[in-house]
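Q: Let me give you the structure first, and then I'll get to my questions.
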């Protein structure tokens, strides 16, 4: 049993499992893509309304190029961190950097396993799936109770708390991961501090773009340190 | 049929799609759980991970409800409910809706109710503009995973460092973001320090949790360390903001 547990995801039943994850992941994601398109199509058919072509074209031109570019970069950045099952789920359910990935990271940290291991794949998928289910159910509850909850949700006293989710989240996560990987953490943290403090355009709206920059920089620095025998 | 942004049919349509997305999560959860059991992983360990993930999710999910409430003023409840239950965010949906409404000679937040044509157009732009990840993952995930496995076979130590570097890189970007407004302090505006202090409170809570685990040998504390630190960090933002604003 232990041998099987320790085996790489590339061998034995692990390979079958991974093939199954990819097969079902493709089926689910492509199905979700189709039904997401079905929403505006169905609304149009039911209410006999065609899209405004000028609005559609100009709206896409103003919105899509940036988000397509970010989407492509995010896909290549996050897949190695989320694992296969976690990736298929996260790119459908969203909130990757502020919810799904921290959730997976916390699960791996608690269990003391590496993300690229067989166990890591299982645990990160479980964490992300549970997080997606809970998020969906809480939103359903919120929608059902939106009218009575509105005064509480829009209470200005609570505004600062919800405005500071990311600092609170990455303060807690950061202290764990930076302390465990301090050698490879120094250079990217220093670079990001310099960039974010000195360039006014870098803010909450652009932090997503800086994630791949920081990841690539960290990989380069780590590779150099590894080659020099410092790690 | 007269259109309204809160028409019951829109709730039904959004509900059906969200149910499918929920089913995908349940499907992957069951598949991973069975795989874990088959590998000989302790059921208690799997349960601990699931419970911790559920508890951790509560605060960020409430933030998403607030986004739904904000967007619902212009777009009704069903569309924000759908968009924020799948890949989407308040900032993205607002940008997509604003760009589209402006292209149609209107503006979001003008108080004028959307008609069916505007609604369909906005929903299409929102859907198309953020679809990349959903179709790109099925195209590249298997190849990328094969690459990771090849790297692991070739050099296990570097594969571990590679994985840790990716996590550290992501965290470093967000730590940098926490300091993005800190230079405002030099012009007398102390609000730039709010995220920094919140981050420190949260980090301190995490350190204290680690200390408690060691002192009392209570491993269960570590299961809730992240969600508790997150909520305490967020709660600290209320007095810190009142102090520095």
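The values are calculated or read from the model by the stated rules, or taken from the named source; none is laboratory data. Please read these numbers as outputs of a predicted model, since none were measured by experiment. Neighbour counts are summed over all protein chains in view; Cβ atoms, including those assigned to glycine, are modelled from backbone coordinates with ideal geometry.
Q: Those residues that are over 30 Å from residue B:15 (Cβ atoms) and either in a loop (DSSP other than H, G, I, E, B) or touching a strand residue (DSSP E or B) at 6+ places or on another chain (Cβ under 7 Å) (or both), I need them from the stretch A:137-173; list them, please.
A: If the condition is that a residue be over 30 Å from residue B:15 (Cβ atoms) and either in a loop (DSSP other than H, G, I, E, B) or touching a strand residue (DSSP E or B) at 6+ places or on another chain (Cβ under 7 Å) (or both), then A:156, A:157, A:164 are the ones that fit.
Q: I want to confirm something. Restricting to the stretch A:138-156 and keeping residues that are modelled with pLDDT of 90 or more and either under 19 Å from the mean Cα position of the chain (by Cα) or within 7 Å of another protein chain (Cβ to nearest Cβ) (or both), which single residue is surrounded by the fewest Cβ atoms within 10 Å (Cβ to Cβ)?
A: A:138
Q: Next question. Considering only the stretch A:46-69, how many residues are more than 7 Å from chain B (Cβ to nearest Cβ), over 28 Å from the mean Cα position of the chain (by Cα) and in a helix (DSSP H, G or I)?
A: To start, the set of residues in the stretch A:46-69 that are more than 7 Å from chain B (Cβ to nearest Cβ) comprises A:48, A:53, A:57, A:61, A:65-66, A:69.
Filter once more, keeping what is over 28 Å from the mean Cα position of the chain (by Cα): A:48, A:53, A:57.
With in a helix (DSSP H, G or I) added as a condition, the list becomes A:53, A:57.
Matching residues across the stretch A:46-69 total 2.
Q: Please tell me if residue B:133 is part of a helix (DSSP H, G or I), buried (at least 23 other Cβ atoms within 10 Å of the Cβ) and without any contact (Cβ under 8 Å) to a residue 60 or more places away in the chain.
A: Criteria met by residue B:133.
Q: Oh, and also: Among the listed residues A:225, A:192, identify the single one that is at pLDDT 95 or above and in contact with a helix residue (DSSP H, G or I) (Cβ under 6 Å, 6 or more places away or on another chain).
A: Numbers: A:225 fails: in contact with a helix residue (DSSP H, G or I) (Cβ under 6 Å, 6 or more places away or on another chain).
It is A:192.
Q: Would you be able to tell me the number of residues in the stretch B:65-87 that are touching a residue at least 60 places away in the same chain (Cβ under 8 Å) and more than 20 Å from residue B:107 (Cβ to Cβ)?
A: Going through the stretch B:65-87 one residue at a time, the tally reaches 6.
Q: Being in a helix (DSSP H, G or I) and either at the interface with another protein chain (Cβ under 7 Å from one of its Cβ atoms) or crowded, with 20+ Cβ neighbours inside 10 Å (or both) is the filter here, so list the residues in the stretch B:1-26 that pass it. Break it down stepwise before answering.
A: Applying the first criterion (in a helix (DSSP H, G or I)) to the stretch B:1-26 yields B:8-26.
If the condition is that a residue be in a helix (DSSP H, G or I) and either at the interface with another protein chain (Cβ under 7 Å from one of its Cβ atoms) or crowded, with 20+ Cβ neighbours inside 10 Å (or both), then B:9, B:10, B:13, B:14, B:17, B:18, B:20, B:21, B:22, B:24, B:25, B:26 are the ones that fit.
Q: Follow-up question, since we're still on this one. Sort out which residues of the stretch B:46-58 are surrounded by fewer than 22 Cβ atoms within 10 Å (Cβ to Cβ) and either more than 7 Å from chain A (Cβ to nearest Cβ) or in contact (Cβ under 8 Å) with a residue 40 or more places away in the chain (or both), and write them in order of number.
A: B:47, B:48, B:51, B:55, B:58
Q: In addition: Of these, B:32, B:54, which one is assigned to a helix (DSSP H, G or I) and under 19 Å from residue A:140 (Cβ atoms)?
A: Checking each option against the conditions leaves just B:54.
Q: Residues of the stretch A:174-184 being assigned to a helix (DSSP H, G or I), without any contact (Cβ under 8 Å) to a residue 24 or more places away in the chain and touching a helix residue (DSSP H, G or I) at 6+ places or on another chain (Cβ under 6 Å), which ones?
A: Within the stretch A:174-184, A:174, A:175, A:178 qualify.
Q: Just give me the residues in the stretch A:122-137 being more than 7 Å from every other protein chain (Cβ to nearest Cβ) and either farther than 28 Å from residue B:222 by Cβ or in contact (Cβ under 8 Å) with a residue 12 or more places away in the chain (or both), in sequence order.
A: Listed by number, the residues that qualify are A:124, A:128.
Q: Test residue A:189 against the stated conditions and say whether it is within 7 Å of chain B (Cβ to nearest Cβ), on the phi < 0 side of the Ramachandran plot, buried (at least 18 other Cβ atoms within 10 Å of the Cβ) and free of Cβ contacts under 8 Å to residues at least 60 places away in the same chain.
A: Yes, satisfied.
Yes or no, residue by residue, for (1) modelled with pLDDT of 95 or more; (2) out of contact with any helix residue (DSSP H, G or I) (no Cβ under 9 Å at 6 or more places or on another chain); (3) in the same structural domain as residue B:119 (by TED's automatic domain parsing):
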| position | (1), (2), (3) |
| --- | --- |
| B:1 | no, no, no |
| B:30 | yes, no, yes |
| B:52 | no, no, yes |
| B:55 | no, no, yes |
| B:68 | no, no, yes |
| B:74 | no, no, yes |
| B:85 | no, no, yes |
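Q: Since residue A:82 meets every condition but one in (1) under 30 Å from residue B:181 (Cβ atoms); (2) more than 7 Å from every other protein chain (Cβ to nearest Cβ); (3) without any contact (Cβ under 8 Å) to a residue 40 or more places away in the chain, which condition does it not meet?
A: (3)
Q: Go through the stretch B:144-159 and count every residue that is farther than 19 Å from residue A:75 by Cα, facing chain A (nearest Cβ under 7 Å) and either surrounded by fewer than 16 Cβ atoms within 10 Å (Cβ to Cβ) or modelled with pLDDT under 90 (or both).
A: Number of matching residues: 1.
Q: Would you mind telling me which numbered condition in (1) in a helix (DSSP H, G or I); (2) closer than 21 Å to residue B:8 by Cα; (3) touching a helix residue (DSSP H, G or I) at 6+ places or on another chain (Cβ under 9 Å) residue B:114 fails?
A: Among (1) in a helix (DSSP H, G or I); (2) closer than 21 Å to residue B:8 by Cα; (3) touching a helix residue (DSSP H, G or I) at 6+ places or on another chain (Cβ under 9 Å), the lone unmet condition for residue B:114 is (1).
Q: Among (1) over 21 Å from the mean Cα position of the chain (by Cα); (2) in contact (Cβ under 8 Å) with a residue 24 or more places away in the chain; (3) outside any helix (DSSP H, G or I), where does residue B:107 come up short?
A: Going through the list (1) over 21 Å from the mean Cα position of the chain (by Cα); (2) in contact (Cβ under 8 Å) with a residue 24 or more places away in the chain; (3) outside any helix (DSSP H, G or I), residue B:107 breaks only (2).
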